[in-house]
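Where a number appears in this text, it was derived from the coordinates with a stated rule and is not lab data. Note that this is a predicted model, so its numbers are computed, not measured. Here the Cβ is made from the backbone with ideal geometry for all residues, glycine too, and neighbour counts use every protein chain on show.
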Amino acid sequence: MEESGISRATVEIMQKHDFRVRKKYGQNFLVDPRVLNKIIEAADIRREDCVLEIGPGLGTMTALLAQRAGRVVAVEIDKMLMPILEETLSGYDNVILINDDILKVDMKNIVEAYNGGRPVKVVANLPYYITTPIIMALFESHVPLESVTVMVQKEVADRMKAEPGTKDYGALSLAVQYHARPEIVANVPPNCFIPRPGVGSAVIRLSRHKEPPVRVKDETMLFALIRASFNQRRKTLVNAVSNAQGLNVTKEQALQALERLGLSPSVRGEELSLEQFSMLAGELQP
Ligand code: SAM
């Protein structure tokens, strides 16, 4: 990558504030203008939108978001970044900064307080050490969402999008695809960040389904079944499910349910589609 104005400004602001990057917070600042623009384009930000940004860092993407959106609410864990953000975002009166841990705040309350409970668009260059918990928290705590456009590790983006029968397919693929339609927007090499991460990255857009693509009586049962099936990936589904604590399914019940669905007794979780998992959950419902 050629040195961009953004990478120079990033180094300058870090030097000015004597800011040292903290690895424990997954701090890799995005400095490539083309990638920043791609994220903003893919997120389709309009004046009527409220954006929830997770981990604004030095505020580079926050400023671009603030130029397009009605309002940006940015949650940053690192208190050392707060004075920097105050400075870099001083020209924007539509940015709300919250110094907190995204996994501890009540995201539903934030959406209620700053967008009247209407769906927000989440945009972030996520801290990689907690990508999966953040994505799961967004969906499982029923935060009103329109879409989630995020930079993640390439390998995690592939898992979110994976189809049955592939090596990347697992509980994360099923959870994401139950809630949203995933689409990889860009692959991003390490040299687009300061400092460079040790892995490749990708921007993925998750567009929330209006209705889940499958109907289930009990979502908890569906996801307990999915987790059990992939916890013991090398076992057959029958063995994985009947060994799982908390599911209360016997080997006999699992075998009968598979037979009723016309599935092989030796099938493995990784071969089943979301629809087949939902039918199986229905069969195993007490
Ligand atoms: N948005 C900036 C950018 O694109 O350059 C920074 C992205 S950096 C990969 C991740 C950011 O998330 C860092 O600013 C980090 O301090 C912040 N962060 C890490 N853990 C967090 C948490 N639990 N809650 C909120 N922010 C967090």
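For Leu225, Leu89, which order do you get if you count the other beta carbons within 10 Å of each Cβ and list the fewest first? List each step's numbers first, then the result.
On the way: Leu225 27, Leu89 20.
Starting with the residue having the fewest Cβ neighbours, the order is Leu89, Leu225.
Using the structure shown, list the pairs from Lys79/Lys104; Lys38/Lys108; Lys23/Lys154 with a Cα-Cα distance above 24 Å, or answer none.
Values: Lys79/Lys104 15 Å; Lys38/Lys108 27 Å; Lys23/Lys154 19 Å.
Check vs 24 Å cut-off fails for Lys38/Lys108.
Considering only C-alpha atoms, what is the centroid distance from the range 258-286 to the range 44-98, in Å?
45 Å
What FRET efficiency comes out for the pair His142/Met14, r = Cβ-Cβ distance, R0 = 35 Å, nearest 0.05?
Numbers: r = 38 Å, r/R0 = 1.07.
After rounding, the FRET efficiency stands at 0.40.
Shape of the range 33-135 from its Cα gyration tensor (a ≥ b ≥ c, root eigenvalues): rounded if a/c is under 1.5, otherwise prolate when a/b > b/c, or oblate?
On the way: a/c = 1.17, a/b = 1.05, b/c = 1.11.
Rounded.
Does the range 3-208 come out rounded, prolate or oblate, given a ≥ b ≥ c as the square roots of the eigenvalues of its C-alpha gyration tensor, rounded meaning a/c under 1.5 and, failing that, prolate meaning a/b above b/c?
Numbers: a/c = 1.66, a/b = 1.21, b/c = 1.37.
Since a/c reaches 1.5 but b/c is at least a/b, the shape of the range 3-208 is classed as oblate.
Give me the percent of DSSP beta bridges within the chain that run antiparallel, rounded to the nearest 5. Walk me through the numbers on the way to the answer.
Numbers: 17 of 36 bridges.
That works out to approximately 45 percent antiparallel.
Just from its helices, what would the mean residue ellipticity at 222 nm be for the chain, if runs of 4 or more DSSP H residues each count -39500 (n - 2.57) and the sum is divided by every residue, rounded to the nearest 500 deg cm²/dmol?
Working: 12 runs with 116 residues, N = 286.
The helix contribution divided over the chain gives -12000 deg cm²/dmol.
Report the relative contact order of the range 3-208, percent, no decimals, based on alpha-carbon pairs under 8 angstrom and at least 6 residues apart. Intermediate results must be reported in sequence, preceding the final value.
Details: 369 pairs, mean separation 43.0, N = 206.
Normalised by residue count, the contact order of the range 3-208 is 21 percent.
Would you work out if the range 219-284 is rounded, prolate or oblate? Take a ≥ b ≥ c from the square roots of the eigenvalues of the alpha-carbon gyration tensor; rounded if a/c is under 1.5, else prolate when a/b is larger than b/c, oblate otherwise.
Values: a/c = 1.15, a/b = 1.08, b/c = 1.06.
Cα axes put the range 219-284 in the rounded bin.
Among 259-272, 38-51, how do they line up from the highest to the lowest mean number of other beta-carbon atoms within 10 Å?
In decreasing order of mean packing, 259-272, 38-51 become 38-51, 259-272.
Let me know the volume per residue of the alpha-carbon convex hull for the range 137-236, in Å³. Before the final figure, lay out the partial values.
Working: hull volume 12.9 nm³, N = 100.
Dividing the Cα hull volume of the range 137-236 by its residues yields 129 Å³.
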